Each structure stands twice: as C-alpha cells, then as structure tokens.
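**Q** What follows is a single structure, and I will ask about it in a moment.
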Amino acid sequence: MEEEQNNQISFLDITIKKNQKGLSFEVHRKPTTTDIIIPNDSCHPNEHKTAAIRYYHNRLDTYRLTPQNRKKEKETIRQILANNKYDAHPIEMLHKKRRQNHNVQNKHGRSLHTLVKKPDLSLNYSRTQT
C-alpha cells in the first residue's frame, strides 16, 4: 500500500497533491518509464502507431490538470513524439480537431458524446434451487 508523502500520493498514472486551495493533479510517471512508443517509421498500421498519442492527448482532455501541469505534460508529449520521429504539428492539429468535435452540439443543445447510447453492462442471472 502506498502512503502519502510530502502531502502527495501517486495513484495509477496521476499524482494527487494537497495544498492550501485543495487538490491539484499531475500526470505521474515512474522513474523507470521510458519515452518509447511505436516509431513513426515502423511498418505497423497507423492505428497502432497513433494509439499511444491518442492516449496521451485523451489524458490532457480528461484529467483536471492545472495550467502549469498541462503545459508540462504537453512538453513531455512533444518530446516523446520527437524521440520517436513524429512531427508534432499534425498531432497538434489532430488534437485541436478532436476538441472541436467534442464541443460540437446538436440542434437540441446536447453535446455529441451525450447522444451515444452506452451499452447495458448490468449482470442478469437467475438463481436455481437444487
């Protein structure tokens, strides 16, 4: 079990810090983490090559990072892309387009992500007597 140290604790891929204003969050990477993803010049399908990039950008969109921590994470992502032979400009355009699509609203004023029906994941079982 991990314990809080210096008013912070890391859980999965996020570090939670306590301060005077409340809680702040930043992306946590273990010291052994490398910046290796599937290189751009590999023969893998594009969906495989861009999976990690989509994941990194998804974290930026969903985690409540402070502006300072968001900027730090963007720089880390840019460095990972550069180290793996990706051009950061098209990735930035992809990120902007994704954010625009996320904010698009339909004629009823609801965002598109609220229109997608989520699958029913409830478990149904019957109990039999023997």
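**Q** Considering each residue of segment 52-82, count those that are at pLDDT below 90 and of a type in the set (G, A, S), and give that number.
**A** Of the residues in that region, 1 qualify.
**Q** Among the residues in segment 16-23, are any within 29 Å of Y86 (Cβ to Cβ) and free of Cβ contacts under 8 Å to residues at least 24 places away in the same chain?
**A** no
**Q** Would you be able to tell me the number of residues in segment 62-84 that are surrounded by 15 or more Cβ atoms within 10 Å (Cβ to Cβ) and of a type in the set (D, E)?
**A** The number of residues fulfilling the criteria is 1.
**Q** So in segment 24-58, with the set limited to residues that are part of a helix (DSSP H, G or I) and of a type in the set (F, W, Y), which one is surrounded by the fewest Cβ atoms within 10 Å (Cβ to Cβ)? Talk me through it step by step, then tell me what you get.
**A** Filtering segment 24-58 down to residues part of a helix (DSSP H, G or I) leaves 46-49, 51-58.
Within this subset, residues satisfying the condition of being of a type in the set (F, W, Y) are 55-56.
On the way: Y55: 11, Y56: 19.
Looking at the filtered set, the residue picked out is Y55.
**Q** Might you let me know whether segment 59-77 holds any residue that is over 23 Å from H89 (Cβ atoms), free of Cβ contacts under 8 Å to residues at least 24 places away in the same chain, assigned to a loop (DSSP other than H, G, I, E, B) and not charged (D, E, K, R)?
**A** no
**Q** Please indicate, with yes or no, whether at least one residue in segment 102-121 is more than 20 Å from I14 (Cβ to Cβ), modelled with pLDDT of 70 or more, of a type in the set (G, A, S) and more than 17 Å from the chain's Cα centre (by Cα).
**A** no
**Q** Okay, next question. Among the residues that make up segment 15-23, is at least one of them in a loop (DSSP other than H, G, I, E, B) and within 19 Å of the chain's Cα centre (by Cα)?
**A** No, segment 15-23 contains no residue that is in a loop (DSSP other than H, G, I, E, B) and within 19 Å of the chain's Cα centre (by Cα).
The values are calculated or read from the model by the stated rules, or taken from the named source; none is laboratory data. Not measured: the values here are computed from a predicted model. Note: ideal-geometry Cβ built from the backbone for every residue, glycine included; neighbour counts use all protein chains shown.
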